[in-house]
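To start, the structure itself, in structure tokens.
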Amino acid sequence: MGDVILSEGMVDEGLSAIGIDRRTFLKFCATLAGVLALPPAFARNIAEALQTVRKPSLVWLEFQDCAGNTESFLRASNPSVADLVLDILSVDYHETIMAAAGFQAEAAKDAAVAAGGHFVVVEGSIPRGQGGAYCTIGGKSALQILEEAAKGAVAIINVGTCSSFGGIPAAAPNPTGAVGVSDVISGVPIVNLPGCPSNAANITATFVHYLTFGALPALDSKGRPLFAYGARIHDNCPRRGHFDAGQFVQEWGDGGHRKGWCLYKMGCKGPQTFHNCPTVQWNDGTNWPIGAGHGCVGCSEPNFWDQMSPFYARLPKVPGFGIETTADTIGLWLAGATAAAFAAHGGAKALQRKVTGTPPKPASGRIEDDGSHEGGI
Ligand code: SF4
Ligand code: F3S
């Protein structure tokens, strides 16, 4: 992995310049330590790193997308994650938010790429059909632009399910031949931050991890950071007690729905989805889909549009569940599998503490990736 190229301006100076005081900054660092599943004491390490590191250059590309990841990122507030991150990073090219246009914008991108040591953030899938004609910018195909930008990059960070796995554009019948970045690029470290959209907290935490530790976060078998995708939604869901008790919403607006019972029978795909939505939530912890009374549709899993649909029917095509069975049977099976996973995880962590003296990680229900997330449980 190459070194980060330094831009002008210390991070701390930049934060002061946009009116973020030290207390707010430390609160931000503590929040990020939590997102990264680090002990609270690591907030100090993050603060020290962000005060001394210089801003890495970032090129943000958009291809077959709805710009939803950019929207999600910019809607963060209290304090604005976008403000903080835009000051932690030197965003040299971003089609949606940059003031420059045309040749001036292209020149900014070319200069950042020529310098090397930059991050490439990709939003949207890459169409391979018709020679890439379905997505061209300035006469170049998405693939050409991506290949050029990837040269000399520290890493490619895919934000959203489309750039991570192809997403909705790649759903059957996939008329444009859409694929994720990993299908067309090799030789550069790739981090996938899927979600429809990707959570701004996880985007920020990924960069902060790099700036703090000088390395990308540990990934699962699908290229997703374990801190954000290492645990199943079902295992951290506040409605889990109702699942285990056999208390299910039977139709929208019924008594169980009003009481906050489990949404499994209404199509919730939480048992098959790995994401930190229950703990981090969205819009600075305001709420999340299940908290709002809607089941999880598995938006951060590969092929979710094809494999997790119909969204209001229970897990019809998901490997491991087979044909329809009763929720109670699945409930017993899930409880057993989850208990085994907890036991194995707890045993391994206890051994690690004994051997190394390292403290336990705080995230409850976290399942270490063993490459078995396919099929889930
Ligand atoms: Fe929560 Fe869905 Fe699991 Fe029910 S099925 S406990 S709503 S994740
Ligand atoms: Fe997506 Fe499910 Fe989270 S739909 S936003 S992974 S709760």
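Looking at region 255-271 only, could you name the residues that are near ligand 2 (Cβ under 10 Å from one of its atoms) and either touching a His at 6+ places or on another chain (Cβ under 6 Å) or farther than 13 Å from G291 by Cα (or both)? Break it down into steps so the answer makes sense when it comes.
Taking region 255-271 first, the residues near ligand 2 (Cβ under 10 Å from one of its atoms) are 268-270.
Matches in region 255-271: K269, G270.
Based on what the data block shows, is E13 outside any loop (DSSP other than H, G, I, E, B), farther than 18 Å from H209 by Cβ and modelled with pLDDT under 75? Judged against the criteria, E13 is a match. Could you tell me whether any residue of region 169-180 is within 16 Å of ligand 1 (Cβ to nearest atom), surrounded by 23 or more Cβ atoms within 10 Å (Cβ to Cβ) and assigned to a loop (DSSP other than H, G, I, E, B)? No - not one qualifying residue is present in region 169-180.
Which one of these is within 16 Å of ligand 1 (Cβ to nearest atom), touching a strand residue (DSSP E or B) at 6+ places or on another chain (Cβ under 6 Å), without any contact (Cβ under 8 Å) to a residue 60 or more places away in the chain and not basic (K, R): H242, H257?
H242
Sort out which residues of region 260-289 are within 11 Å of ligand 1 (Cβ to nearest atom) and part of a helix (DSSP H, G or I), and write them in order of number.
Across region 260-289, the qualifying residues are Y264, K265, M266, G270, P271, Q272, C277, P278.
Based on this model, can you work out whether A228 counts as buried (at least 20 other Cβ atoms within 10 Å of the Cβ), out of contact with any Cys (no Cβ under 7 Å at 6 or more places or on another chain) and within 18 Å of W288 (Cα to Cα)?
On the way: buried (at least 20 other Cβ atoms within 10 Å of the Cβ): yes; out of contact with any Cys (no Cβ under 7 Å at 6 or more places or on another chain): yes; within 18 Å of W288 (Cα to Cα): yes.
When the stated conditions are applied, A228 passes them.
Report yes if some residue within region 191-200 is more than 16 Å from ligand 2 (Cβ to nearest atom) and assigned by TED's automatic domain parsing to the domain that holds E71; otherwise report no. Yes - at least one qualifying residue is present in region 191-200. Restricting attention to region 165-195, the residues that are hydrophobic (A, V, I, L, M, F, W, C) and under 20 Å from G68 (Cβ atoms) total 9.
Could you run through region 244-259 and say how many residues are part of a helix (DSSP H, G or I) and either basic (K, R) or modelled with pLDDT of 95 or more (or both)?
Of the residues in region 244-259, 4 are part of a helix (DSSP H, G or I) and either basic (K, R) or modelled with pLDDT of 95 or more (or both).
Residue by residue through region 97-140, note down the ones that are among the basic types (K, R) and under 28 Å from A200 (Cα atoms). Hit for region 97-140 is K109, nothing else.
Within region 291-324, if we keep just the residues that are away from ligand 1 (no atom under 14 Å from the Cβ) and either assigned by TED's automatic domain parsing to the domain that holds A171 or farther than 25 Å from S164 by Cα (or both), the residue that is modelled with the lowest pLDDT turns out to be I323. Pairs meeting the criteria (first residue in region 192-206 and closer than 14 Å to G223 by Cα, second residue crowded, with 24+ Cβ neighbours inside 10 Å and of a type in the set (D, E, K, R), beta carbons under 6 Å, at least 6 apart or on different chains) are N192/R224.
Restricting attention to region 183-239, the residues being assigned to a helix (DSSP H, G or I), farther than 11 Å from N158 by Cβ and not acidic (D, E) number 19.
Among the criteria (1) within 12 Å of ligand 2 (Cβ to nearest atom); (2) outside the structural domain of A292 (by TED's automatic domain parsing); (3) out of contact with any Pro (no Cβ under 7 Å at 6 or more places or on another chain), the one R224 does not fulfil is (3). Tell me yes or no: at least one residue of region 283-293 is surrounded by fewer than 20 Cβ atoms within 10 Å (Cβ to Cβ) and in contact (Cβ under 8 Å) with a residue 60 or more places away in the chain. Yes, there is a match, as at least one residue in region 283-293 is surrounded by fewer than 20 Cβ atoms within 10 Å (Cβ to Cβ) and in contact (Cβ under 8 Å) with a residue 60 or more places away in the chain.
The values are calculated or read from the model by the stated rules, or taken from the named source; none is laboratory data. All values derive from a computational prediction rather than experimental measurement. We place every Cβ from the backbone using ideal geometry, glycine too, and count neighbours over all the protein chains shown.
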